[in-house]
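The values are calculated or read from the model by the stated rules, or taken from the named source; none is laboratory data. Computed from a prediction, not measured in an experiment: that's the story for all the values here. Here Cβ is always computed from backbone atoms with ideal geometry, including for glycine, and neighbour counts include all displayed protein chains.
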Amino acid sequence: MEIDELKAGVAIIILNEKNEVLLQKRSDVGLWGIPSGHIEIGETVSQAAVREVKEETNLDVTIKKLIGVYSDPSSQVFHYPGGKVVHFITTCFLAEIVGGDLRCHSEESLDMKFFSASELPVDLLTMHPSWLEDALDQKERAVIR
């Protein structure tokens, strides 16, 4: 498999008061996933995480903890519909909602919804279940996968 690009990404696990996880149905691939995106030049990983959540969900969040850093090509290579193949090094955070109201931004998302961890949609992006599993594991230390 030929990889076109290596990118730094962020993923943000947001749980509500019922311990349900926020997922977005992505418009680019039509699959459910954890809010995520790219780090832009000049910003930190935590700034990117807060910005991406605001852009995609209209929620204001604060970072609670680092869940892990994911770079294994077996789970971190993403095939875009146009044919581009990107290997992501993703920093995953647990975040808490501190403001805003949940809204779906149609250019990136088809839907936004909270799901119980035991009732996740079957059409979930392949890399995301391990992020969620690590977030719900409640370990003190971050993981590196």
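From the set of residues in region 116-145 that are under 14 Å from Glu20 (Cα atoms) and hydroxyl-bearing (Ser, Thr, Tyr), which is surrounded by the fewest Cβ atoms within 10 Å (Cβ to Cβ)? Per the criteria, the residue is Ser118. Kindly provide the set of residues from region 116-137 that are at pLDDT 85 or above and of a type in the set (S, T, N, Q), ordered by number. Of everything in region 116-137, those that are at pLDDT 85 or above and of a type in the set (S, T, N, Q) turn out to be Ser116, Ser118. Return the residues of region 101-115 that are modelled with pLDDT under 90, surrounded by 13 or more Cβ atoms within 10 Å (Cβ to Cβ) and among the charged types (D, E, K, R); say none if nothing qualifies. Within region 101-115, just Glu108 meets the criteria.
Note on region 42-145: enclosed strands (runs of 3 or more DSSP E) holding 3 or more residues that are touching a residue at least 40 places away in the same chain (Cβ under 8 Å) are 59-70, 85-100, 109-115. Do we find a residue being in contact with a helix residue (DSSP H, G or I) (Cβ under 6 Å, 6 or more places away or on another chain) and of a type in the set (S, T, N, Q) anywhere in region 88-98? Yes, some residue in region 88-98 is in contact with a helix residue (DSSP H, G or I) (Cβ under 6 Å, 6 or more places away or on another chain) and of a type in the set (S, T, N, Q).
Can you find even one residue in region 28-49 that is at pLDDT below 95, closer than 17 Å to Lys7 by Cβ and polar (S, T, N, Q)? Scanning region 28-49 turns up at least one residue that is at pLDDT below 95, closer than 17 Å to Lys7 by Cβ and polar (S, T, N, Q). Just so you know, in region 102-145 the residues that are closer than 18 Å to Leu31 by Cβ and among the polar types (S, T, N, Q) include one that is farthest from the chain's Cα centre (by Cα), and it is Ser106.
Here Val45, Val61, Val98 are screened, and the one residue that is exposed (fewer than 13 other Cβ atoms within 10 Å of the Cβ) and aliphatic (A, V, I, L, M) is Val98.
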